[in-house]
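The values are calculated or read from the model by the stated rules, or taken from the named source; none is laboratory data. This one's a predicted model, so the numbers in the text were calculated from it and none came from an experiment. Here the Cβ is made from the backbone with ideal geometry for all residues, glycine too, and neighbour counts use every protein chain on show.
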Amino acid sequence: MTRASIELGDVTHHNLKQLKKINTVVFPVFYNDKFYLEVLDSGELTKLAYYNDIVVGGVCSRIDSSENKRRLYIMTLGCLYPYRRLGIGTKMVQHILNYVERDGNFDSIFLHVQVNNEGAIEFYKKFGFEIVETKQQYYKRIEPADAHVLQKTLNTKRNNNNNNNSSSSTTQQQTNSQNNSSSSSSSQQVNGLDNHTNAKPKA
Ligand SMILES: CC(C)(COP(=O)(O)OP(=O)(O)OC[C@H]1O[C@@H](n2cnc3c(N)ncnc32)[C@H](O)[C@@H]1OP(=O)(O)O)[C@@H](O)C(=O)NCCC(=O)NCCS
């Protein structure tokens, strides 16, 4: 039997509606036209996932430069329910990991997940993401409204330089990074939420 193929493809004007459809079905959150216009221009940061040439998933991410950090924010990453546990999510995360590694200049990758989304939390933990913060009432119209911030800190030139240049103790550095992470996540909440309306009931 031939092995199934899992491929990623570019998002273009021609297939943007497919990405919208995937996100509408997979996420309890509605993303508006501004969101899709922005991802259309984001090159490798946005991809459709194909399983044997059928669109079954998508990833949308963007660069977040708040709080003096350069971070990759995963806005959406999901695949249709019948196609889960087949490696499609892995293909998309791996693409993001490869992107940040090639770039070499990101501090971390982060995203928000609803606190009850245990499957996604397990999935991201497999790739070295950790819960670094829990935001109460992050979502406006879905339950539970609280979100975990999942983050993977990257071992990059940028982080290494920051560590070497710092004369303060590791403990101090950890405290700063926690504070930064917390405050950037707060601004991220605004940035992340201004593109969508939490109006749809949870799938
Ligand atoms: C999270 C999600 C993207 C995972 O996609 P996927 O294609 O099923 O993931 P993979 O098949 O690549 O899974 C890789 C590994 O992650 C872990 N994993 C994935 N889903 C899991 C689940 N529901 N429960 C526990 N572990 C899980 C497993 O270790 C899995 O390996 P295995 O199948 O060999 O045991 C998918 O469940 C999804 O689309 N969820 C809805 C959208 C969402 O919540 N996205 C996250 C916020 S952006």
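Applying the selection to region 43-68, what residues are modelled with pLDDT of 95 or more and not in a strand (DSSP E or B)? Result: Gly43, Glu44, Leu45, Asn52, Asp53, Ser65. For region 38-69, a residue qualifies if it is more than 15 Å from the ligand (Cβ to nearest atom), more than 20 Å from His148 (Cβ to Cβ) and in contact with a helix residue (DSSP H, G or I) (Cβ under 7 Å, 6 or more places away or on another chain), and the qualifying residues are Leu40, Glu44. Look at region 111-136: where a residue is more than 20 Å from Lys91 (Cα to Cα) and a partner is of a type in the set (A, V, I, L, M, F, W, C) and assigned to a helix (DSSP H, G or I), sitting 6+ places away or on another chain with Cβ atoms under 9 Å, you get Gln114/Ala120; Val115/Ile121; Ile131/Ile121. Restricting attention to region 121-132, the residues that are farther than 19 Å from Arg62 by Cα and either charged (D, E, K, R) or surrounded by 16 or more Cβ atoms within 10 Å (Cβ to Cβ) (or both) total 7. Within region 76-114, the set of residues being part of a loop (DSSP other than H, G, I, E, B) and within 12 Å of the ligand (Cβ to nearest atom) comprises Leu80, Arg84, Arg85, Leu86, Gly87. Looking across region 115-127, the residues that are within 18 Å of Pro28 (Cα to Cα), near the ligand (Cβ under 7 Å from one of its atoms) and not charged (D, E, K, R) come down to Asn117, Gly119, Ala120. List the residue pairs whose Cβ atoms are under 6 Å apart, where the first residue sits in region 69-90 and is modelled with pLDDT of 95 or more and β-branched (Val, Ile, Thr), the second is near the ligand (Cβ under 7 Å from one of its atoms) and assigned to a strand (DSSP E or B), and the two are 6 or more positions apart or on different chains. From residues that are modelled with pLDDT of 95 or more and β-branched (Val, Ile, Thr), the pairs are Ile74/Leu111; Ile88/Gly57; Ile88/Cys79.
To keep it simple, each residue is scored yes or no on (1) of a type outside the set (Val, Ile, Thr); (2) in contact with a His (Cβ under 6 Å, 6 or more places away or on another chain); (3) at pLDDT below 95; (4) surrounded by 13 or more Cβ atoms within 10 Å (Cβ to Cβ).
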{"position": "Asp107", "(1), (2), (3), (4)": "yes, no, no, yes"}
{"position": "Leu111", "(1), (2), (3), (4)": "yes, no, no, yes"}
{"position": "Val115", "(1), (2), (3), (4)": "no, yes, no, yes"}
{"position": "Gly119", "(1), (2), (3), (4)": "yes, no, no, no"}
{"position": "Thr134", "(1), (2), (3), (4)": "no, yes, no, no"}
{"position": "Arg141", "(1), (2), (3), (4)": "yes, no, yes, yes"}
{"position": "Ala147", "(1), (2), (3), (4)": "yes, yes, no, yes"}
{"position": "Gln151", "(1), (2), (3), (4)": "yes, no, no, yes"}
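Cβ-Cβ distances below 7 Å connect the following pairs, each with a first residue in region 4-20 that is part of a helix (DSSP H, G or I), a second residue that is of a type in the set (Gly, Ala, Ser) and surrounded by 13 or more Cβ atoms within 10 Å (Cβ to Cβ), and a separation of six or more residues or different chains: Leu19/Gly58.
All conditions in (1) at pLDDT 95 or above; (2) part of a helix (DSSP H, G or I); (3) over 27 Å from Asp10 (Cα atoms); (4) of a type in the set (S, T, N, Q) hold for Asn163, with the sole exception of (1). Might you check whether a residue that is β-branched (Val, Ile, Thr), within 15 Å of the ligand (Cβ to nearest atom), touching a Lys or Arg at 6+ places or on another chain (Cβ under 9 Å) and under 30 Å from Asn160 (Cα atoms) occurs anywhere in region 10-31? No, region 10-31 has no match at all.
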